[in-house]
1. Accessible area per residue of the chain at 1.4 Å probe, in Å²?
2. When the dipole is taken about the Cα centre of the chain, and only Lys, Arg (+1) and Asp, Glu (-1) are charged at their Cβ, what size is it in debye, to the nearest 20?
3. How many angstrom lie between the Cα centre of region 68-96 and the Cα centre of region 98-132?
4. Please work out the FRET efficiency for the pair ARG52 and ALA280, using the Cβ-Cβ distance as r and a Förster radius of 35 Å; give the result to the nearest 0.05.
5. Quick check: at a probe of 1.4 Å, how many percent of the accessible area of region 222-264 sits on carbon and sulfur atoms?
6. How many times 2.2 N^0.38 Å is the alpha carbon radius of gyration of region 90-212?
7. Find the Cα radius of gyration of the chain, compare it with 2.2 N^0.38 Å by division, and give the number to two decimals.
8. Of all DSSP beta bridges in the chain, what percent run antiparallel (nearest 5)?
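The values are calculated or read from the model by the stated rules, or taken from the named source; none is laboratory data. Here the structure is a predicted model, which means the values were calculated and not measured. All Cβ positions, even for glycine, are placed from backbone atoms using ideal geometry, and neighbour counts span all protein chains on display. Accessible surface is based on the protein model in full, side chains and every heavy atom, while ligands, DNA and RNA are left aside. Shrake-Rupley method; radii C 1.70, N 1.55, O 1.52, S 1.80 Å.
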Amino acid sequence: MAKPGRSCPRHYRYSPAVFARTADIKAQSLYVVGGLYGNPFALEAVLDLARREGAMLAFNGDFNWFDADPTEFREINDTVLRHVALRGNVETEIAGEDSRAGCGCGYPEWVGDGEVERSNEILERVRETARGFPGLRARLGGLPMHLVAEVGGLRVGIAHGDAESLAGWQFSQEALRERPERAQALLAGAAVDVFACTHTCLPVMQDFATPRGTALIVNNGAAGMPNFRDARFGLATRIAGAPSTEALYGARLGAIVVEAVPVRYDHDAWLARFDRAWPAGSPASVSYRKRIASGPGYDVEQALRTSSNGALSRAA
Ligand SMILES: [Fe+2]
């Protein structure tokens, strides 16, 4: 087996064909919230976004990560599990005791060894917290890995990673740039119009030609951390019949819009909470504090992959 944190365990895998099924849920308006990473202020913000328009929420994994504090862990999970939820690698690994997978991230070669080791340490700490909540832990372990939603007649595949693995990186912004044909084949195999995912840390929206017509891969990056240079908000994917005035960018597929909507949480409160849980020198601080404070080196223009058909547009 590969080093912990580098591998993609076999039980993480599924076939793209699992998405070619009747929708599990139907919504008028849906927010797909990936990578909340234990940020309670971001959770408050997405609940508020959904409440304002009566939208459904689907949490597609890694809603735990920085919530090693037992009270925080319980509150995040109690709240998220009232909604549609899928497990990410974090939930899968903290629900079990198999340390061979590490954080289960399946990190590719462009992520350094130090970061992988620190992720394994963070996972160990959150798992220790989870041991205090056997009921929640069992519920997390029992969550599905994939979901099919129908929004206004559009078929939406939802998973944490990609169309063949819970921790897959084929729908990362890096792989979409370097191996678009691989993503296109997976998308076609899933027989969906939209594939909503997260896990790979940075957002991207890219369109493809499939036998069903134009289809989109939309990765929200992180709901609980900034995704762009100098930004202080997370992102969620919104799929609905009418555009949001808050969208940063989006695409129209027939009568439906698919958008990246900012998750505007209390930045100062979150930073203070993070610093208390993960002081300077701790693995989470070393790996993530800079990003939480001022965003990654990534810009909105890089997330939006336009093609010649003009289906995509940046909000004015
Ligand atoms: Fe993940």
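1. Working: 12060 Å² over 316 residues.
Accessible area per residue: 38 Å².
2. Values: 35 positive and 37 negative charges, 90 e Å.
About 440 debye.
3. One Cα centre to the other: 16 Å.
4. Details: r = 37 Å, r/R0 = 1.07.
E(calc), rounded to 0.05, equals 0.40.
5. On the way: 700 of 1380 Å².
Result for region 222-264: 51 percent of the exposed heavy-atom area is carbon or sulfur.
6. Values: Rg = 16.2 Å, N = 123, 2.2 N^0.38 = 13.7 Å.
Relative to the 2.2 N^0.38 Å estimate, region 90-212 comes out at 1.18.
7. Details: Rg = 17.8 Å, N = 316, 2.2 N^0.38 = 19.6 Å.
Dividing the Cα Rg of the chain by 2.2 N^0.38 Å gives 0.91.
8. Details: 34 of 53 bridges.
Antiparallel: roughly 65 percent of the beta bridges in the chain.
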